[in-house]
């Protein structure tokens, strides 16, 4: 054990002894009898400072009181319980940090996260610009922080907020006071919660748009506009002077009358606008009709029997 580590253990024990000064000396000595050896083992295991591994000496002294049942009145003070809970939370966090570091190939997981700080600064600036655009504009949020649909304003906001976030990140690395650091942490939590809501909203809207496209515009060719509509019956014959309506009874107006520009904006739209430009023509089928019958007038009663034709057998009597 080095001299520095020995001095750290000595100072920690003395600070704990001072926090237990209200106890009788015998009880205090019993509590602190094995403390130096325990601190040496903890220091050798992790190599971290004792105040970071076990908490401040005052918190450790409160834990000793609770463990030995030496709290006045049998009740643990609220501050001591809060300090103990915070210390346990920090200890568990440090353990998770070490395990994450093993998976990532670093001593601690936080060492890997420090490498990602510049990327987080850029992302934080982007999220802040998006939040500002949502607050000052009624536009539906998209991929860029547009204000009233302006692309130039989106680029300006994005650049400004990203540069500002990088500047704040460098100030954080240099060290901030306690109050500014708390404000930054609170702002970070707000941005993180809002970013989850933003991703959920954009994903839901894109899913709905895909459904509308698949059901509403499936008949429109990709990359083309509808200029005319041609309707055929079951026999393949082209129908003319056809009007189209939707399910609400509203007329459907597609394309434009390129064959007769004067009728291009007519109120009563009939299809096809250009019958001669039909994609395929099928000749009209004639309507089926019955073969005409020829009426034979009856022979007069006094007419002589017709002579038989030579070579043709005559009827014989039965």
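State yes or no: is residue 165 loosely packed, with under 15 Cβ neighbours inside 10 Å and either assigned by TED's automatic domain parsing to the domain that holds residue 203 or part of a helix (DSSP H, G or I) (or both)? The answer is no for residue 165.
Would you tally the residues in the stretch 57-78 being touching a helix residue (DSSP H, G or I) at 6+ places or on another chain (Cβ under 8 Å) and modelled with pLDDT under 70?
Here is the first cut: in the stretch 57-78, the ones touching a helix residue (DSSP H, G or I) at 6+ places or on another chain (Cβ under 8 Å) are 57-66, 68, 70-71, 76-77.
Okay, now just the ones that are also modelled with pLDDT under 70, so 68, 70-71, 76-77.
Looking only at that region, the number is 5.
Can we say residue 101 is in a helix (DSSP H, G or I), surrounded by 12 or more Cβ atoms within 10 Å (Cβ to Cβ) and either modelled with pLDDT under 85 or in the same structural domain as residue 30 (by TED's automatic domain parsing) (or both)? Judged against the criteria, residue 101 is a match.
Among the residues of the stretch 16-42, those identified as surrounded by 15 or more Cβ atoms within 10 Å (Cβ to Cβ), outside any loop (DSSP other than H, G, I, E, B) and touching a residue at least 40 places away in the same chain (Cβ under 8 Å) are 16, 19.
Being without any contact (Cβ under 8 Å) to a residue 12 or more places away in the chain and in a helix (DSSP H, G or I) is a property that residue 131 lacks. Scoring residue 135 on the criteria (1) within 23 Å of residue 156 (Cα to Cα); (2) surrounded by 14 or more Cβ atoms within 10 Å (Cβ to Cβ) leaves a single failure, condition (2). For the condition out of contact with any helix residue (DSSP H, G or I) (no Cβ under 9 Å at 6 or more places or on another chain), surrounded by 11 or more Cβ atoms within 10 Å (Cβ to Cβ), in a helix (DSSP H, G or I) and at pLDDT 90 or above, residue 122 does not qualify.
The values are calculated or read from the model by the stated rules, or taken from the named source; none is laboratory data. For clarity, every value in this text was computed on a predicted model and none was experimentally measured. All Cβ positions, even for glycine, are placed from backbone atoms using ideal geometry, and neighbour counts span all protein chains on display.
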